[in-house]
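FYI, it's all coordinate maths here, none of it is from the lab. What you are looking at is a predicted structure, and each value in this text was computed from that prediction instead of being measured. Every residue, glycine among them, receives a Cβ derived from its backbone with ideal geometry; neighbour counts consider all protein chains shown.
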Amino acid sequence: MGQVRAHSKAGPHLQHQREAFYCAEQLRVFARDSVPEGTFESLQKNVYDGVVNVTWRDFATGFDRLNAVQDAARDMQLGTNVLVHVVEAIDRMGICHQLANDDRLTWVEEET
């Protein structure tokens, strides 16, 4: 990972993605303690539904797919979820990583 961090483009990108993931984790904990059960999961589903079609497009690289998915998440309407008033763009990006960790989104497709 040291080589990635030292790279002029990949290093800052990796750091920002880590921050995004942890922002989404903080939002998840906030939601657990502050809003009705299932609210955060509903927000995750909204993000998933808003970006999943983007993942099915052809991309030259996983980096391109990741960026396109996060752009879609950042720009989408979140509906009526009560968290809409506290969610930030970086939270939306981090939710994409949470979904990837749950194997619901994929950045790099395997060759078939």
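Sorting 12-25, 85-98, 39-52 by their mean Cβ neighbour count within 10 Å, with the most densely packed peptide first, gives 85-98, 39-52, 12-25.
Whole angstrom only: what separates the Cα centroid of the range 27-47 from the Cα centroid of the range 81-112? Their Cα centres are 13 Å away from one another. A simple charge model with +1 on the Cβ of Lys and Arg, -1 on the Cβ of Asp and Glu and nothing else charged puts the dipole of the chain at about 300 debye relative to its Cα centre. Based on alpha carbons, the Rg and Dmax found for the range 23-72 are 13.7, 41 Å. For the pair residue 88 and residue 10 in one chain, pulling the backbone fully straight at 0.36 nm per residue adds 25.8 nm over the alpha carbon distance. Projecting the Cα atoms of 72, 99, 42 onto the dipole axis of the range 40-112, where Lys and Arg carry +1 and Asp and Glu carry -1 at the beta carbon, places 42 farthest toward the positive end. Phi angles across the range 52-59 convert, under the Karplus curve 6.51 cos²θ - 1.76 cosθ + 1.60 with θ = phi - 60°, into 3J(HN,Hα) values of 4, 5, 5, 5, 7, 6, 7, 10 Hz, Gly and Pro given as x.
Which three numbers, in whole Å and largest first, are the semi-axes of the equivalent ellipsoid of the chain derived from its Cα gyration tensor as √(5λ)?
Values: eigenvalues 124, 59, 26 Å².
They are 25, 17, 11 Å, listed largest first.
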